[in-house]
1. Exactly one condition in (1) of a type outside the set (D, E, K, R); (2) part of a helix (DSSP H, G or I); (3) open to solvent by 40 Å² or more (accessible area, probe 1.4 Å) is not met by Gly423; state its number.
2. For the stretch 171-187, what are the residues that are surrounded by 18 or more Cβ atoms within 10 Å (Cβ to Cβ) and closer than 14 Å to Ala236 by Cα?
3. Among the candidates Ser255, Ser251, Ser292, which residue alone is among the hydroxyl-bearing types (Ser, Thr, Tyr), more than 20 Å from Gln194 (Cα to Cα) and either open to solvent by 60 Å² or more (accessible area, probe 1.4 Å) or out of contact with any Pro (no Cβ under 8 Å at 6 or more places or on another chain) (or both)?
4. Scanning the stretch 328-378 for residues that are under 18 Å from the mean Cα position of the chain (by Cα) and either among the charged types (D, E, K, R) or open to solvent by 60 Å² or more (accessible area, probe 1.4 Å) (or both), which turns out farthest from Trp294 (Cα to Cα)?
5. Among the residues of the stretch 314-322, is any of a type in the set (S, T, N, Q), open to solvent by 10 Å² or more (accessible area, probe 1.4 Å) and in contact with a Phe, Trp or Tyr (Cβ under 6 Å, 6 or more places away or on another chain)?
6. If we keep just the residues of the stretch 230-273 that are among the acidic types (Asp, Glu) and closer than 19 Å to Ala200 by Cα, which is modelled with the lowest pLDDT?
7. Report, by residue number, each residue of the stretch 426-435 that is under 16 Å from Gly388 (Cα atoms) and either small (Gly, Ala, Ser) or loosely packed, with under 15 Cβ neighbours inside 10 Å (or both).
Amino acid sequence: AAGAAMVLLAGAMTALVFLYARAEHARTSAEERLTELRSLSRFVLFDVYDRLESIPRPLPLGRDLAEAAQGYLDRLSRDPEAPTAVRLDVIEGLRRLASVQASPGSPSVASPALARRNLDRAEALANELPVQGVPPGERALILARLALTRELIAAAYDSDYDAAHRALDRAEALLDEAESASPGHPEVASLRNQVELERADVFQWQGRYAESMQVSKEGLAHLAARPMTTAEERKAARWTQSKLLDIYAESLYYSEDMVRSEQAYREAMRLLQEAVEEDPHDPKVLRRFARSEWALAEALLELNQAEEAVRLLRNATRRVEQLMLLEPRDRDLVRTEVVFATAHARALAALGRHAEALPLLQQTVAVRKRLWGEAPEDMSAARDVAIGVASLAEGFAAARRYPEACKAWDESLATFDRIRAAGKGAQLDEDHTIRIVREEKGKHCS
């Protein structure tokens, strides 16, 4: 599959060079140059990028393409004479580029500052669109997409959940406007589902589990009621459904309703299994399926079903190892592998296999600390360290090595204090990991 993808990419890059040469040599007509540049930026952002996820080591090439696309879009956005169709392409191109530059949970060039700048520029261009030549409701839809992308950055990179809610509120109001201007527009319903998905996720991070579950259920109901006429629509709906189920299951997990959490996790995993069977080589699907196996395993650990948890975690780890062959420098994949290894070690400890569990936990903490050291301002990396050290403390306590456990609990709490001081704390951590650490420390440490 990787070989076939490389052939496709080779063809794509040949076309890219051809388009670039034409744009450089089209000197006789400003309109022709504009058209060529527009085609080039769309080709880079929508055709080439869609192929990068399925080839080995896509990140360096992705960075180069992002820089090239940035230059093309900047030039197009500065042209005051650009036709409306070109402006619409530039706006969507800037939004797509922002997603590439700061997309949580997937390979990206990790440039949130550039992403925000591109969103600001896209919004300014959208507000300058002429009334004539823009379909009814289209401006509102454009601004709604931009608001959703802005929300992702606010939640994932800034841990600013109030800003995330404001962006979602704005997206909802804009979708109402779009629906009013163009009743029955096919994109409105799917964007409303996206708003519900992100709203449920933000509520969860805030520790508002009942609200998260309610919004998740509403999103699932709205999704079930939507007419699906094409295979692509059904595929996209299944993807959103699995995400909503995952958030619903996690809210049940953090509400300590493990039985219902397990049921919801299994349903999400069933949907993702269907997606894997349809396309067993799609890295995006494999990544998500591996995460679903890990999430179910965590619930099973709480239900004292460690043996099944170990089996699931072994499968999930194998999938991540396969994905890392595509891109070993993907920080999110490295982090995911460490998270799975931590859960695996906890499962081994639950089975009394402390001699295997403790070295594995110590290895995972070392990797987490290395990742944080590479990005000391990244409080999500700090959070990973705090959680990993708390898991190590749990392992020490299970082996009755209480002095080492107490030292690790202190380190975990101190790291959470740093996160809180940076304004990046989440109520979810206060309700779960921090509470458990304090309780266990109170039991075993003087």
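1. (2)
2. None - no residue of the stretch 171-187 is surrounded by 18 or more Cβ atoms within 10 Å (Cβ to Cβ) and closer than 14 Å to Ala236 by Cα, so the list stays empty.
3. Testing whether each residue is among the hydroxyl-bearing types (Ser, Thr, Tyr), more than 20 Å from Gln194 (Cα to Cα) and either open to solvent by 60 Å² or more (accessible area, probe 1.4 Å) or out of contact with any Pro (no Cβ under 8 Å at 6 or more places or on another chain) (or both) leaves just Ser255.
4. Residue satisfying both the conditions and the ranking: Asp378.
5. Filtering the stretch 314-322 for residues of a type in the set (S, T, N, Q) gives 315, 317, 322.
Filter once more, so that each one left must be open to solvent by 10 Å² or more (accessible area, probe 1.4 Å): 315, 317, 322.
Okay, now just the ones that are also in contact with a Phe, Trp or Tyr (Cβ under 6 Å, 6 or more places away or on another chain), so 317.
Yes, the stretch 314-322 has at least one match.
6. Per the stated criteria, the residue is Glu256.
7. Glu430, Arg435
The values are calculated or read from the model by the stated rules, or taken from the named source; none is laboratory data. Here the structure is a predicted model, which is why all the values come from computation and not from measurement. Neighbour counts are summed over all protein chains in view; Cβ atoms, including those assigned to glycine, are modelled from backbone coordinates with ideal geometry. Surface accessibility is based on the protein's heavy atoms, side chains included, excluding ligands, DNA and RNA. Shrake-Rupley method; radii C 1.70, N 1.55, O 1.52, S 1.80 Å.
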